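Visitor: I'd like to ask you about the structure that follows.
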Amino acid sequence: MIMQAAQSQIYFTVGIPFEEQLTGKLKSAEGISFVDMSAGIKRRKMSEADEHHHHEGEAGHHHDADGGLDPHVWLSIPNLKIMAKNTCNAICAADPTSSDYYKDNLAALLSVLDKADARITEILKPYKGSKFFVYHPAFGYFGDAYGLEQEAVEIDGKSPSPKQLAKLIKEAREDGVKVIFVQPQFDPKSAVTVAEATRAAVIPMDDLAYDVVANMQDMAGRLETALKK
């Protein structure tokens with residue numbers, strides 16, 4: 001993989017700290033430009049409860065929050081629009097003779113994103129202010145975009161202790177939590193325990209799904225189903 005990347009003209013990053021391990025090895029290669037797709041995105045702070053949560057799951061799913069800032073910038077349609085524009089600008093600079101083609105594609109993508117954003121806004125508007133639980137705090141930007149609040153079950157990258165679990169269950173009951181999202185990279189046992197104690201629905205949701213826009217629309221639909229009960 002490193003050898004293939006070393007033959008590239010542009011290496012796109014999203015500002016996740018673990019990327020430095022790879023980019024550090026590539027910086028000695030000639031002709032590679034490094035572009036941070038997330039440039040210009042206002043990073044959200046992890047909530048006080050989530051500040052100690054970080055990716056340390058299975059299948060190489062590991063990227064710590066940088067200084068208490070949430071690294072999951074791609075889980076927000078407004079952020080995706082910024083990332084798309086940054087990507088287009090970089091490609092146009094590298095291949096100016098085809099810039100019209102890239103800009104047309106960007107316009108088409110932005111139209112898709114705007115429609116998806118409007119649809120998700122319509123779906124979730126009645127539930128503004130609602131709280132949803134997740135195993136790992138990956139969906140903060142999504143929540144911020146639509147007036148929702150995430151609460152994470154995972155603590156310090158590990159399953160909660162019995163005392164911490166009891167506290168989470170108490171909070172979930174008080175907040176009337178109806179849904180808990182569980183990412184496939186993590187052991188769902190703690191989330192299932194909270195769900196069983198609160199009668200919340202446990203719903204799989206992959207924050208690393210390939211089709212991120214379809215994934216967020218799916219998430220909105222699942223949230224609507226859970227929250228309207």
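The values are calculated or read from the model by the stated rules, or taken from the named source; none is laboratory data. Note that the coordinates shown come from a computational prediction; the quantities given were computed from them, not determined experimentally. Cβ placement follows ideal geometry from the backbone for every residue including glycine, while neighbour counts extend to all protein chains displayed.
Visitor: Can you tell me which of L113, L109, L124 is within 15 Å of E224 (Cα to Cα), assigned to a helix (DSSP H, G or I) and either over 20 Å from the mean Cα position of the chain (by Cα) or among the aliphatic types (A, V, I, L, M) (or both)?
Guide: Values: L113 fails: within 15 Å of E224 (Cα to Cα); L109 fails: within 15 Å of E224 (Cα to Cα).
One residue alone meets the criteria, L124.
Visitor: Among what's in the range 126-150 and is of a type in the set (G, A, S) and in contact with a helix residue (DSSP H, G or I) (Cβ under 7 Å, 6 or more places away or on another chain), pick the residue that is modelled with the highest pLDDT.
Guide: Only one residue tops the list, namely A145.
Visitor: Here is a follow-up. Filter the range 115-144 for residues that are acidic (D, E) and in contact (Cβ under 8 Å) with a residue 12 or more places away in the chain; which is surrounded by the fewest Cβ atoms within 10 Å (Cβ to Cβ)?
Guide: Of everything passing the filter in the range 115-144, D144 is surrounded by the fewest Cβ atoms within 10 Å (Cβ to Cβ).
Visitor: Would you check which residues across the range 201-221 are part of a loop (DSSP other than H, G, I, E, B) and buried (at least 21 other Cβ atoms within 10 Å of the Cβ) and list them? Break it down stepwise before answering.
Guide: Pass one, the range 201-221, residues part of a loop (DSSP other than H, G, I, E, B): 205-211.
If the condition is that a residue be part of a loop (DSSP other than H, G, I, E, B) and buried (at least 21 other Cβ atoms within 10 Å of the Cβ), then M205, D207 are the ones that fit.
Visitor: Let me ask something else. Looking only at the range 177-200, filter to residues that are in a helix (DSSP H, G or I) and touching a strand residue (DSSP E or B) at 6+ places or on another chain (Cβ under 7 Å); which one of those is surrounded by the fewest Cβ atoms within 10 Å (Cβ to Cβ)? First the steps, then the outcome.
Guide: First pass over the range 177-200, keeping only residues in a helix (DSSP H, G or I): 189-198.
So of that shortlist, the ones also touching a strand residue (DSSP E or B) at 6+ places or on another chain (Cβ under 7 Å) come out as 191-192, 194-195.
Numbers: A191: 27, V192: 16, V194: 24, A195: 23.
Among residues in the range 177-200 that are in a helix (DSSP H, G or I) and touching a strand residue (DSSP E or B) at 6+ places or on another chain (Cβ under 7 Å), the one surrounded by the fewest Cβ atoms within 10 Å (Cβ to Cβ) is V192.
Visitor: Among the candidates V153, V177, V182, single out the residue that is modelled with pLDDT of 80 or more and not aromatic (F, W, Y).
Guide: None of the others qualify; the one that does is V182.
Visitor: While we're here: If you take the residues in the range 156-174 that are of a type outside the set (D, E, K, R) and in a loop (DSSP other than H, G, I, E, B), which one is modelled with the lowest pLDDT?
Guide: G157
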